[in-house]
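The values are calculated or read from the model by the stated rules, or taken from the named source; none is laboratory data. Since the structure is predicted, the reported quantities are computational estimates derived from the model, not experimental observations. Glycine gets a Cβ as well: all are built from the backbone with ideal geometry, and neighbour counts include every protein chain shown. When the accessible area is computed, the model is the full protein with side chains, heavy atoms only, and any ligands, DNA or RNA have been set aside. Shrake-Rupley method; radii C 1.70, N 1.55, O 1.52, S 1.80 Å.
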Amino acid sequence: MTDVQISPSWKERLAPEFEKPYFKELAAFVKSEYESEAVYPPPKFIFRAFDLCPFERVKVVILGQDPYINQGEANGLCFAVGEDTRLPPSLQNIYKEIASEYAVPVESLLQKGGDLSRWANQGVLLLNATLTVRAKQSNSHAGHGWEQFTDAAVKALSDEREHLVFLLWGNYAKQKGAHIDRAKHLVLESPHPSPFSAANGFFGNGHFKSANEYLAEHGEKPIDWLG
């Protein structure tokens, strides 16, 4: 990871981070973990969220916590899973909210699978705060530097871009929102889509339509959440 393979547009903005001591320590830690443990996502997908959504194309940012911990699930995009993989409950609830907002059968979304690259390719940055995790151990790579790196990415977007939409679901994502200039961007917050909290305000939050209305007001093409 010392020669970080990441989208050129992001590499330009985040280059100072790669030279900082914390990132060098993070790179050594992650390399050691992949060599000695089962770690997700596959190495080629660590920076997939950035690669599919270059800096200048970002319209919407969805913040997650860390990758899924089961084999075959994590694919580098928050809330997303690999093709032909069972949809996790949180993603099912995200689809239920979209279906409700757009008055379509939820089955029409469920059958599309959970990869979500179709959103990333439209300008949705699906960013986990921590980009790697040890198998079967949630948050096992927290506190090793990833949070500082992804904070830098969020701050770069906030500082250099205008009229982005940030969707912050759950307390962890809301904390990441401290780096966002709310005078320049739309920040929408709600409980997490997890089955433990979705009924407490995620369902009915209207975030997907609200995001598109804001984008349209500022001359941007809305996201096709149904596509």
Accessible-area value, residue 96, 1.4 Å probe, nucleic acids and ligands omitted, Å²: 100 Å²
Karplus ³J(HN,Hα) for the stretch 69-75 (6.51 cos²θ - 1.76 cosθ + 1.60, θ = phi - 60°; Hz, whole; x = Gly/Pro) runs 9, 9, 4, x, 8, 5, 10
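Considering only DSSP states other than H, G, I, E and B, which chymotrypsin sites (Phe, Trp or Tyr not before Pro) in the stretch 53-87 qualify as loop sites with at most 15 other Cβ atoms within 10 Å?
Answer in residue order: no site qualifies.
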Where a Cα-Cα gap under 12 Å defines reach, which aspartates and glutamates qualify for residue 31, not counting those fewer than 8 residues away within the same chain? none
Mind checking the angle between helix 146-160 and the chain's longest principal axis? C-alpha axes, 0 to 90 degrees, to the nearest 10. 60 degrees
Of 203, 18, ordered by accessible area with the largest first and a 1.4 Å probe, the sequence is 203, 18
Karplus-derived 3J(HN,Hα), 6.51/-1.76/1.60, for each residue of the stretch 200-208, Hz, glycine and proline x: 8, x, 6, 5, x, 6, x, 5, 6
What's the angle, to the nearest 10 degrees (0 to 90), between helix 8-18's Cα axis and the longest principal axis of the chain? 50 degrees
Using only protein heavy atoms and a 1.4 Å probe, report how much of residue 182 is accessible, in Å² to the nearest 10. 120 Å²
Amide H to amide H under 5 Å from residue 187: which residues, 5+ apart in sequence or cross-chain, H placed 1.01 Å off N in plane? 166
Can you list the lysines whose alpha carbon sits under 28 Å from that of residue 174, skipping same-chain ones fewer than 8 residues off? 11, 20, 24, 59, 96, 136, 155, 184, 209, 221
Step by step: find N for the stretch 85-188, compute 2.2 N^0.38 Å, then divide the Cα radius of gyration by it. What's the final number? 1.21
When the label point is put 7 Å from the Cα of residue 142 along its Cα-to-beta-carbon vector, which residues of the stretch 14-58 have a backbone N closer than 16 Å? none
Quick calc: nm separation of the 7 Å Cα→Cβ label points for residue 103 and residue 216 -> 1.4 nm
Of the candidates 155, 20, 136, which one comes out as most mobile in a Gaussian network treatment of the chain with C-alpha springs shorter than 10 Å? 20
Quick calc, the chain, dipole around Cα centre from Cβ unit charges on Lys, Arg (+) and Asp, Glu (-), nearest 20 debye, gives 140 debye
Of 207, 144, 192, which is the most mobile in a GNM of the chain whose springs link Cα atoms less than 10 angstrom apart? 144
As I understand it, the value is the acute angle between the Cα axis of helix 21-36 and the longest principal axis of the Cα atoms of the chain; what does it come to in degrees, rounded to 10? 90 degrees
What FRET efficiency, computed as 1/(1 + (r/R0)^6) with R0 = 45 Å and r the Cβ-Cβ distance, is obtained for residue 111 and residue 162, rounded to the nearest 0.05? 0.80
So, with points 7 Å from each Cα along the Cβ direction, the residue 28-residue 9 label distance in nm works out to 3.4 nm
Rounded to the nearest 500 deg cm²/dmol, what is the calculated helix-only ellipticity per residue at 222 nm for the chain, with -39500 (n - 2.57) per DSSP H run of length n ≥ 4? -11000 deg cm²/dmol
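Hey, how much of the P(r) for the chain falls beyond 23 Å, as a percent of Cα pairs?
Numbers: 11448 of 25651 pairs.
Result: 45 percent of Cα pairs exceed 23 Å.
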